[in-house]
1. Pairs of Cα atoms under 8 Å, at least six residues apart: use those to get the relative contact order of segment 6-96, whole percent.
2. Just 81, 11, 69 to compare: in a GNM of the chain, with alpha carbon springs under 10 Å, which one fluctuates most?
3. Just rank 74, 12, fewest to most, by other beta-carbon atoms within 10 angstrom.
4. Whole number please: convex hull volume per residue, Cα atoms of segment 6-96, in Å³.
5. Helix 91-100 versus the longest principal axis of the chain: what is the Cα-based angle in degrees, 0 to 90, to the nearest 10?
6. Pairs of Cα atoms under 8 Å, at least six residues apart: use those to get the relative contact order of segment 8-53, whole percent.
7. Sort 100, 1, 78 so the one with the fewest other Cβ atoms within 10 Å of its own Cβ comes first.
8. Pairing the Cα long axis of helix 75-84 with the longest principal axis of the chain, what angle in degrees results, from 0 to 90 and rounded to the nearest 10?
């Protein structure tokens, strides 16, 4: 099974060279290498919910603390969680990884 990144599923156009980068900028999920490989994604493409500045509900969102309620009900978040099952890495672990690799 091919694991897709958030920008491939959500079609936000904010990936590198995406169609919306000129007005919304490049999404940190497509460029932040600290979470590369997590859940089988490229950069933070399968852990976008822990990064500030990722897209949700048609808008650019803030920190995980500010957006976690939206992320927890996001179809992509639920898809990754169901695909990963026991290998799913909880947000607190990912946030620690981000902090340790600043």
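1. Working: 121 pairs, mean separation 18.6, N = 91.
So the answer I get is 20 percent.
2. 69
3. 74, 12
4. Details: hull volume 7.8 nm³, N = 91.
Output value, Cα hull per residue: 86 Å³.
5. Long axis of 91-100 versus the principal axis of the chain: about 70 degrees.
6. Values: 61 pairs, mean separation 11.8, N = 46.
Relative contact order here is 26 percent.
7. By the 10 Å Cβ count, ascending, the order reads 1, 100, 78.
8. 40 degrees
FYI, it's all coordinate maths here, none of it is from the lab. Being a predicted model, the structure only gives us computed values, none of them experimental. With ideal geometry, Cβ positions are generated from the backbone for all residues, glycine too; neighbour counts draw on all protein chains shown.
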